[in-house]
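S.K.: There's a structure below that I have some questions on.
The values are calculated or read from the model by the stated rules, or taken from the named source; none is laboratory data. Predicted model only: the values in this text are computed from it and were never measured. Cβ atoms come from the backbone with ideal geometry, glycine included; neighbour counts cover every protein chain shown. All accessible areas refer to the heavy atoms of the entire protein, side chains included, with ligands and DNA or RNA removed. Shrake-Rupley method; radii C 1.70, N 1.55, O 1.52, S 1.80 Å.
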Amino acid sequence: MRFGWLSPMNEKCVGRMGYGLLVVVVFTAVGCEYPLSASQGATLQPTSAAVVPRDDASALSADNPLKLVVAEAPELTAASSGTQLNVVLTVLKVQVPRAEREHADSLWNHLREDLFDSGTALRLQRNGVRVGVGNAQWWEAVRGTLNAITGIQSISTLPMRLPPNYPLAVELDTAPREQTLFYMAEDGILTGETWPQSRNVLRMSYELDLEHPERIRLMVVPEVRQKLNGWRWVKSVNGLTQLPNYGGRAFGVAGFLVDLEPGEFLLIAPGEQSKVFGLVGNAFLVCEEDGRRYDSYVFLRADVNHVVQGN
């Protein structure tokens with residue numbers, strides 16, 4: 001498997017592992033040189049009462065979970081120029097046996113973690129989420145650390161061309177399940193809700209910085225989602241699109257904004273508090289398969305490409 005400019009990692013028993021990595025979105029896929037390395041998740045499932053409906057739920061084929069619904073993406077154009085900006089996102093998920101977690105700690109020596117103000121850093125820590133940004137020059141060191149760990153699994157997505165402010169959902173589950181999720185608000189109060197037949201996703205979107213066109217501001221928010229009965233119509237730049245009817249909750253207290261410069265990649269991983277069962281960092285980034293627990297290390301790379309438009 002390849003993660004853009006990243007070299008292949010060890011790929012062990014991916015097919016046998018039950019989990020997958022599904023990107024749920026209406027987008028234009030680009031590039032065929034990065035094959036999917038494992039089967040991916042299926043459709044989302046029904047909901048219950050305390051649901052916060054979302055208008056940006058993404059499209060998915062219910063008949064074939066590997067088949068993404070593809071729509072024409074609008075052009076991303078820099079202000080006052082004849083250059084079209086194409087932003088291509090690629091996601092790589094690495095599963096590290098939780099018993100080997102200490103062996104993965106050294107990879108953080110090659111990432112920056114001073115990304116947020118103290119308030120944001122504290123709420124991420126309380127909710128069991130750890131975030132870092134690395135540079136391409138350090139990827140070999142990161143990859144070497146992960147490859148030295150026994151029993152890792154990995155899976156990647158195809159590169160995707162995505163418009164600004166358009167949601168991409170990285171689905172972390174392969175099947176709907178009942179789960180009780182907890183989150184700690186900024187006032188320190190722990191709140192829990194039970195979600196029957198639900199799935200967990202990381203919703204990602206970005207904004208362009210037109211003053212620094214090589215840089216993007218990425219937003220990541222964990223969400224629990226359930227599929228409601230029926231369909232709904234959503235207006236886009238290309239007209240009306242029919243999407244599955246979703247409900248769920250976005251855990252903003254475990255979300256963040258981060259600026260990515262050229263050649264940088266993002267890592268989202270379980271934090272120290274992810275040992276608390278049901279807490280966002282635990283429920284989204286820790287899984288169990290065949291009696292063995294795994295930490296999910298989610299890497300994201302964003303490439304900003306400039307395409308000169310003809311007269």
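S.K.: Looking at (1) of a type in the set (S, T, N, Q); (2) over 18 Å from Val129 (Cα atoms); (3) open to solvent by less than 10 Å² (accessible area, probe 1.4 Å), can you tell me which one Thr194 breaks?
M.R.: In the conditions (1) of a type in the set (S, T, N, Q); (2) over 18 Å from Val129 (Cα atoms); (3) open to solvent by less than 10 Å² (accessible area, probe 1.4 Å), Thr194 misses (3) alone.
One line per residue, one yes/no per condition, for (1) in contact (Cβ under 8 Å) with a residue 40 or more places away in the chain; (2) hydrophobic (A, V, I, L, M, F, W, C); (3) surrounded by fewer than 19 Cβ atoms within 10 Å (Cβ to Cβ):
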position	(1), (2), (3)
Ala254	yes, yes, no
Leu257	yes, yes, yes
Gly278	yes, no, yes
Glu288	no, no, yes
Tyr297	yes, no, no
Ala302	yes, yes, no
Asn305	yes, no, yes
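S.K.: Would you kindly identify the strands (runs of 3 or more DSSP E) lying entirely within the stretch 201-311 that contain at least 3 residues that are over 24 Å from Ile152 (Cβ atoms) and under 16 Å from the mean Cα position of the chain (by Cα)?
M.R.: So the answer is 216-236, 256-260.
S.K.: May I pose another question? Scanning the stretch 122-137 for residues that are open to solvent by 50 Å² or more (accessible area, probe 1.4 Å) and under 21 Å from Pro222 (Cα atoms), which turns out nearest to the chain's Cα centre (by Cα)?
M.R.: Step by step, filter the stretch 122-137, then rank; the result is Arg130.
S.K.: Considering only residues that are surrounded by fewer than 21 Cβ atoms within 10 Å (Cβ to Cβ) and not in a loop (DSSP other than H, G, I, E, B), which ones fall in the stretch 161-191?
M.R.: Arg161, Arg177, Glu178, Gln179, Thr180, Phe182, Leu190, Thr191, listed by residue number.
S.K.: Next up: Does the stretch 144-151 contain any residue that is buried (at least 20 other Cβ atoms within 10 Å of the Cβ) and farther than 15 Å from His110 by Cβ?
M.R.: no
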